[in-house]
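For reference, the structure is listed below as structure tokens.
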Amino acid sequence: MKHLPLLAIAFSSFSALPLLSQNLIDSTTITATTDAPVQNGNFGPEHTLDGLTEEGFRNVGDGASRMAEHQGSHWISGDITADANGDFTGTITYDLGAFYDIAQIEILNTSNTAWNDRETDSFTIETSTNGGATYSAPSAPLTLQDYTLGFQTFPLTDAGVSHIRLTLTNLAAINVDEVNPPDPNDPALMLTSGNDRAIGLNEVRFYSTPAADTDNDGLPDSWEITHFGDLSHLPGDDEDLPTPDGLTNLQEFSNQTNPLATDTDGDTLSDGEEVNTHNTNPNLVDTDGDTLSDSDEINTHSSDPTLFDTDGDTLSDGDEVNTHMTLPNNEDTDGDGINDNVEINDLMTDPLVPDARAGLVPPSGITATADTTQQARFDVQNLVDDRTLEGFQDGDPADPDGIRPAQHQDNHWMSADGAFTALLTFDLGGTYDLTYLDILNTSNTNWNDAETNTLTIATSTDGGTTYSTPTPTVTLQGYLDGFQTIPLVAAGVTHVQINVEHDTLGEPTGAGTNHRRVGLNEVRFYTGASPLSALQIVNLDYTSGDIMATIEWNSIPGAKYLVEYSDDLENWFEAIDGEEVDASADATTTFTVDYDPAVAVAKRFFRVTRIP
């Protein structure tokens, strides 16, 4: 095991009060970030600045004696992968909020108790004088004492510091579980406790030497010397090169920017523009961390450089531009009424091409109710949540192990046990001229048979007070066949009722409770052109010489159609002399033409016409 050297000469390790000539930097002006995983929200790195030190009281007595607030007064990481030495490392970076001549740092370790060994054993210090853009070489490794020995003081004499980075190490050599000792043949020492595979700190304090300001102009001498080489520069001057950037020297000092550079971070926006106009960080090329530069967001994409997701569609601006080629400032790039995120992650349609389902009634405005629901996680409101993962439990290739996605219970609806019929009511949140519905059944798997077999639909134009006569019964296809388009032509609709039914009304109790229900996955309402609006023959079964033919066309339930055939495209004959064909309750109608008299011909033509 590699051991770290003892404390370097440049630092000393002792517990002492700060000198009176030093100033404690206000912790509320400091921001702490870490590259290590945080165990959970109770232990974020910001707790190293909160002034609370109760954490160590857990060292007294058993676990029950820990103070209630101990979780809000220190930082510990989540599990970390060990390095080649078996050690665990991570960094905490402190943005001091201004420039300081640092005099010393005080650190209180996290406690080492019977239930964890997450304290920091050693660390190094790096400082930045340019807003965190670059850092000094790290100090020699410094040993941090146990929590019970109190705060430890480390002198530091760096001038003009804006950021301090601590790289922390938890030595694996100490992470030995005495009750279950590690296997000596395992180079990682087979650390048995996850609570040991981490690092932690309790409190960090920063002290500065009162900055000398010989000319009393508000600009510390050290800052003026660093940037200008002398003390002759005035706080109100704007001396950036090649041109002034709109910030005075005093503003440059306050914003940690370079008073001699028009554009400190090099993103083509002047420091003055960033501070005074765009409210971006003049020290960061990408203020919001979405992978798009501040300049590109403002000048190319018209997105907000301070927002990770400008249009609020849950896709980051960077992903929209670089991955999906969608507009980061428009949640519906193709204007088809469907959110970009929904198209990409739920519908798997192209967010750059208007979807055939343009005219979708916004699901977010629809309120769904049911006269029976199994339990909250299968709520009827899930029918309009634009989530369709539930069916992957059928063993879809996306789920090769047959493991249901964790969220499958939150994106479909099932009725209560024994309810083989249910009435679903949808308040559309407005008035719409509907043309069709898309309905996705719930899955029929080896653990349930709760899907819907048939349904009828009724509409209301008076806010749900009265409803139309229900449509003819529609047979709903299975989940694996996808969404089923059902024509529904009705004007001025405010509410829609769907009566769903399981076909095994007499199913015995012994069949299992999961079978004694009815369910659906998703329901969508549309006002645009229906995929079924153009009448067409979708299937024809006819072979030369046959005396019968089976023809299928897309149809509207309740409508009547005339079916005709011809041998020469000039003379047409009705398939049923003087009668029309009633459409089925499904999205298509199938009809068998039986010729009388039976005459076999080599070629025959068919056509279907809707009767007004």
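Against the list (1) at pLDDT 85 or above; (2) assigned to a loop (DSSP other than H, G, I, E, B), the condition Glu178 fails is (1). Taking segment 445-502 as the range and being at pLDDT below 90, of a type in the set (D, E, K, R) and in a strand (DSSP E or B) as the test, no residue passes. If only residues of segment 248-266 that are part of a loop (DSSP other than H, G, I, E, B) and surrounded by 24 or more Cβ atoms within 10 Å (Cβ to Cβ) are counted, the one that is modelled with the highest pLDDT is Pro259. Looking at segment 236-247, can you tell me whether even one residue there is over 25 Å from Asp294 (Cβ atoms) and in a loop (DSSP other than H, G, I, E, B)? Within segment 236-247, one or more residues are over 25 Å from Asp294 (Cβ atoms) and in a loop (DSSP other than H, G, I, E, B).
Checking each residue of segment 305-313 against the condition of being within 24 Å of Gly236 (Cβ to Cβ) and not in a helix (DSSP H, G or I) gives no match. Taking every residue in segment 196-224 that is at positive phi and pairing it with any residue that is surrounded by fewer than 23 Cβ atoms within 10 Å (Cβ to Cβ), at least 6 positions away or on another chain, the pairs with Cβ-Cβ distances below 8 Å are Gly218/Pro235; Gly218/Leu250; Gly218/Phe253.
Is it the case that segment 270-291 has a residue that's aliphatic (A, V, I, L, M), in a loop (DSSP other than H, G, I, E, B) and more than 20 Å from Ser162 (Cβ to Cβ)? Looking for residues that are aliphatic (A, V, I, L, M), in a loop (DSSP other than H, G, I, E, B) and more than 20 Å from Ser162 (Cβ to Cβ), one finds none in segment 270-291, hence no. How many of the residues in segment 477-492 are in contact (Cβ under 8 Å) with a residue 60 or more places away in the chain, surrounded by fewer than 17 Cβ atoms within 10 Å (Cβ to Cβ) and either within 17 Å of Phe525 (Cβ to Cβ) or of a type in the set (Val, Ile, Thr) (or both)? Total satisfying the criteria: 2. Can you spot a residue in segment 113-121 that is more than 30 Å from Ile225 (Cβ to Cβ) and at pLDDT 85 or above? Yes. Could you please give the count of residues in segment 294-316 that are closer than 27 Å to Thr129 by Cα and surrounded by 21 or more Cβ atoms within 10 Å (Cβ to Cβ)? Selection size over segment 294-316: 3.
Pairing residues of segment 569-580 that are assigned by TED's automatic domain parsing to the domain that holds Phe605 and closer than 13 Å to Thr609 by Cα with residues that are modelled with pLDDT under 80 and part of a strand (DSSP E or B), at Cβ distances under 7 Å and at least 6 apart in sequence or on separate chains, gives Ala575/Val593; Glu580/Ile611. Of note, Glu320 satisfies the criterion of being outside the structural domain of Asp230 (by TED's automatic domain parsing) and either surrounded by 18 or more Cβ atoms within 10 Å (Cβ to Cβ) or among the aromatic types (Phe, Trp, Tyr) (or both).
Entry remark, segment 222-255: residues being within 19 Å of Ala212 (Cβ to Cβ) and among the polar types (S, T, N, Q) number 5 in total.
So which residues in segment 20-67 are in contact with a strand residue (DSSP E or B) (Cβ under 7 Å, 6 or more places away or on another chain), among the charged types (D, E, K, R) and at pLDDT below 85? Once the filter is applied, which keeps residues that are in contact with a strand residue (DSSP E or B) (Cβ under 7 Å, 6 or more places away or on another chain), among the charged types (D, E, K, R) and at pLDDT below 85, segment 20-67 yields Glu55, Arg58. Does segment 532-544 contain any residue that is of a type outside the set (A, V, I, L, M, F, W, C), touching a His at 6+ places or on another chain (Cβ under 7 Å), surrounded by 15 or more Cβ atoms within 10 Å (Cβ to Cβ) and at pLDDT below 75? Among the residues of segment 532-544, not one is of a type outside the set (A, V, I, L, M, F, W, C), touching a His at 6+ places or on another chain (Cβ under 7 Å), surrounded by 15 or more Cβ atoms within 10 Å (Cβ to Cβ) and at pLDDT below 75, which makes the answer no. Taking each residue of segment 267-291 that is touching a residue at least 12 places away in the same chain (Cβ under 8 Å) and looking for partners that are acidic (Asp, Glu) and assigned to a helix (DSSP H, G or I) with beta-carbon atoms closer than 6 Å, six or more apart or interchain, yields Asp267/Asp294; Leu269/Asp294; Thr280/Glu274; Thr280/Asp294; Pro282/Asp271; Pro282/Glu274; Thr287/Asp294; Asp290/Asp317. Number of residues in segment 191-225 that are β-branched (Val, Ile, Thr), closer than 28 Å to Ile92 by Cα and modelled with pLDDT of 85 or more equals 2.
The values are calculated or read from the model by the stated rules, or taken from the named source; none is laboratory data. As the structure is a prediction and not an experimental result, all values here were calculated from the model. With ideal geometry, Cβ positions are generated from the backbone for all residues, glycine too; neighbour counts draw on all protein chains shown.
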